[in-house]
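Let me begin by presenting the structure, written as structure tokens, before commenting on it.
The values are calculated or read from the model by the stated rules, or taken from the named source; none is laboratory data. What you see is a predicted model, and the numbers here were worked out from it, not measured in a lab. Cβ sites come from the backbone with ideal geometry, for glycine too, and all protein chains shown count toward neighbours. We work out accessible area using only protein heavy atoms, side chains counted, and drop any ligands, DNA or RNA first. Shrake-Rupley method; radii C 1.70, N 1.55, O 1.52, S 1.80 Å.
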Amino acid sequence: MSEARPKSKPADGIKPREPLKPRRGKPRRQKPRDERTGEEKPREKEPRDKKVSTAEAASEVVGVAAPPPPDAVEPDPELTPEEAAQARKKYLLRRFWISGRGYWGRHGDRLAWPLTIGLLVLIGVNVGFQYGINVWNRAIFDAIEQRQAHTVYFLSAIFLPLVAGSIGLVVAQVYLRMTMQRRWRSWLTTSVIARWLDHGRYYQLNLVKGDHQNPEARLSEDLRVATESPVDFVAGVTSAFLSASTFIVVLWTIGGALSFSLGGSTITVPGFLVITAVVYAAITSTSMFIIGRNFVRLSEEKNQAEAEFRYVLTRVRENGESIALLGGEEEENSGIDKTFAGVLKRWARLTGQHMRTALVSQGSSLFAPVVPVLLCAPKFLEGSMSLGQVMQAASAFAIVQGAFGWLVDNYPRLADWNASAHRIASLMMSLDGLERAEQNDELGRIKHGETKGDAMLSLDNLSVTLDDGTSVVKETEVVVEPGERVLVSGESGSGKSTLVRAIAGLWPWGSGSVNFHPDRRLFMLPQRPYIPTGTLRRAVAYPAAADNWATKQIKAALGKVGLGYLAERLEEEAPWDQTLSGGERQRVAFARLLLHRPDIVVLDEATSALDEKSQDQMMKTVIHELPDVTIISVAHRAELEAFHTRKITLERRKDGAKLVSDIDLAPRNRKRSLFQRALWGSGAGSKVRLSWRSQKK
């Protein structure tokens, strides 16, 4: 669901947010078929015009459109680097709460407030039971001191209900607390993941600078800690406040004033037990604060090192075949050891912090039960306090000390939460920047619209830039007509793949527009096809559901792309992304193409892992099976020209790559492209026509 962030006024140069449009290319779901007969299974009709983005779909769950991201906050340039870093950390916590508090907002979880109120009520009732046990403690010791057997037996009988009630309340607290933590984590995780996946931002994060490395660790471990700990803290602080308030009164009432002689004068200290408890807690808390002042920084460094270590191990698993073929185990082991050494180094520093805090915490826990007994001993010995009052005071002192010493016991967890909240807020800030850029005309965004007439695709004055404004591709004008097969060529680094990403809607920065025919479907075949987990059937059907086609259809598609030997393993679950070779993965992608049967397909080095003969066979199969499909290919191999009707060439230049030629590879009677209609002095028999911009330049 989309984050329930508070609405803020848009900054200058930011337009009000428009409804997000779905990225083209998602295949239309086909009706599932019966595997035995191949006939279509009936199912409920889905409204055709109900196409929304991930964020919009999540917004509909809570019934509110996604508000704009918070305004960008830049540190004061007059601040020192240390002050700027501290100001950024404060903003990160505020940024986390901007999103996190939406759980209790108007469009948050409907059970958020009932769970919260129920938890607070149970905490208050449990403090009442603690007071009852404290009073019972006084009564039982007074009865023992006075040898009142009947009273001892009676108090022993009522002790069990008191304990049972307290235990029941604690169990109920655990249920409400953990339920709230689970639902809050679910709500916020769904919200952040929806933003992360929407408009290809998960991909765009790789293209921009910022503190958002290892987003998968932030979305799993850091977000878990960031949502679990605050609930524990609020419950702990509430319990500590109520306990301290209740038992300070008990200490003041029981202890009374302490009088002693000093230098011939009598000094009276009213509420001496309360004053002692406050001073004792102040000493331990101050000691903990001084000792643990670096806890947050060290926790952040340790969490970041752990995330990097997980990432390195994941990379080895994902690229296991390449590493094994190259015999790179020793080098990988060296890299893993180096990364793990960083983890151990930061862990050792954090261990020192834990040792110092444990010194304060353990010392406090040992002294707390003894101090009140020693303080009350003179009054007991002189007969002004009973044994029951001494024991009640000792119990109350321990409870008050525990309440005041809450920070001492929870500072390490508080530091760990601080580090996790900073990391998840950093990811939110990066997503804010991307979302803000989508609304900002000053930064320059590529527009996506619809073509006029029968054209399948048009690039109108398209320029592609980096997020800092550096030009990659400049001023491209192309129109692709139905049935054309266009080959995009150029030397490495000329911007071909970037142009493909812009066409797919993954690359947002630039100017001009990319337009598609409104009633046609686009399908992308990247150089490294994605193979999802699960069965081979799911891998071939992706991104549609695995049951959208009958088994016979999927087997036929595999046979046409040369993977017939895998047809009997359709229902087998295996790590297919590791099992299949690069060429086999590309063949699976072509099998998907034959199943989905789109109107326009973009091939980005989609045959690079195939040999020349297999490449030719694959292209012949596509042209034969999909004779009317429009193809745009990005490739280096000259052999592919035989399967295309047109070739356009990009040339790398200092100010950005330009389209320098548009060649007909086969006769055609279709309308000329805008690019070709803006040419200098082209002859009737000329095959190569240069852009008027390049001629002019």
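Taken over the alpha carbons of segment 421-578 as equal point scatterers, the Debye sum produces base-10 log I(q)/I(0) values at 0.21 Å⁻¹ of -1.21. Rounded to the nearest 10 square angstrom, ARG597 shows an accessible area of 120 square angstrom against a 1.4 Å probe. If R0 equals 22 Å, the separation of the Cβ atoms of GLN146 and LEU374 corresponds to a calculated FRET efficiency of about 0.40. By definition, a body whose alpha carbon gyration tensor gives a ≥ b ≥ c is prolate when a/c is 1.5 or more and a/b is larger than b/c, and segment 355-400 fits this prolate description. If you take all C-alpha pairs in segment 126-198, what percent of them are over 22 Å apart? That fraction is 51 percent.
Just the number, please: Stokes-Einstein D of segment 321-406 in µm²/s, Kirkwood Rh from C-alpha pairs, 10 °C, 1.306 mPa s. Estimated diffusion coefficient is 90 µm²/s. Between ARG652 and VAL269, the contour length at 0.36 nm per residue exceeds the alpha carbon distance by 129.3 nm. Computed extension gain for ILE323 through LEU79, at 0.36 nm per residue and net of the alpha carbon distance, reaches 83.1 nm. The ILE117 and ALA164 beta-carbon pair, evaluated with R₀ = 25 Å, returns a calculated FRET efficiency of approximately 0.55.
The listed residues THR630, THR314 rank as THR314, THR630 when sorted by accessible area, largest first, using a 1.4 Å probe. Working note: Cα gyration tensor of segment 148-260, eigenvalues times five, square-rooted, sorted largest first, giving semi-axes of 51, 20, 9 Å. Sorting the segments 497-508, 570-581, 221-232 by their residues' average number of neighbouring beta-carbon atoms within 10 angstrom, most packed first, yields 497-508, 221-232, 570-581. Is there a pair in LYS474/LYS647; LYS89/LYS302; LYS496/LYS647; LYS90/LYS345; LYS555/LYS620; LYS90/LYS302 whose C-alpha atoms are over 22 Å apart, and which pairs would that be? Going by Cα-Cα distance, LYS90/LYS345 fall outside the 22 Å limit.
Distance between the 7 Å Cα→Cβ label points at ARG637 and GLU216: 3.1 nm. Placing pseudo-labels 7 Å out from each Cα toward the beta carbon at ASP577 and THR533 gives an inter-label distance of 0.9 nm.
Dipole check for segment 268-391: with +1 at the C-beta of Lys and Arg, -1 at the C-beta of Asp and Glu, and the Cα centre as origin, the magnitude is about 700 Debye. For the set GLU301, GLU491, GLU382, solvent exposure ranked by accessible area (probe 1.4 Å, protein chains only) runs largest to smallest as GLU382, GLU491, GLU301. For segment 383-441, the solvent-accessible area of protein heavy atoms averages 26 Å² per residue (probe radius 1.4 Å; ligands and nucleic acids excluded). Note on VAL237 and ARG293: the model spin-label points, each 7 Å out from Cα along the C-beta direction, lie 2.3 nm apart.
Expressed in Å, the radius of gyration and Dmax of the Cα atoms of segment 371-424 are 18.5, 60.
Taking amide H positions as modeled 1.01 Å from N, with prolines and chain starts lacking one, the residues under 5 Å from HIS448 and 5 or more places away or on another chain are VAL514. Normalised by 2.2 N^0.38 Å, where N is the number of residues, the alpha-carbon radius of gyration of segment 358-447 equals 2.21.
If a spin label sat at a point 7 angstrom from the Cα of TYR153 along the line to its beta carbon, the backbone N atoms of segment 128-143 nearer than 18 Å would be those of 140-141, 143.
Rounded to a whole number, what is D in µm²/s for segment 497-628 from Stokes-Einstein with the Kirkwood radius over alpha-carbon pairs (20 °C, 1.002 mPa s)? D = 138 µm²/s. Tell me, what is the Rg over Rh of segment 97-165, with Rh the Kirkwood radius over Cα pairs? Rounded to two decimals, Rg/Rh equals 1.36. Centroid-to-centroid, using Cα positions, segment 93-137 and segment 371-393 are 36 Å apart. Computed about the Cα centre, the dipole magnitude for segment 510-632 is approximately 180 debye when only Lys and Arg (+1) and Asp and Glu (-1) carry charge, each at its Cβ. All distinct Cα pairs of segment 553-644 go into the 1/r average, and the inverse of that average, the Kirkwood radius, is 13.7 Å.
If ligands, DNA and RNA are left out, what is the accessible area of THR276 with a 1.4 Å probe, given in Å² to the nearest 10? Probe radius 1.4 Å; accessible area of THR276 about 40 Å². Subtracting the Cα-Cα distance of GLU450 and ILE133 from 0.36 nm times their residue separation leaves 106.7 nm of extension gain. Probing with 1.4 Å while keeping every protein chain in the model, the per residue accessible area of segment 175-257 equals 41 Å². Accessible surface of ARG94, taken over heavy atoms with a 1.4 Å probe and every protein chain present, rounds to 130 Å².
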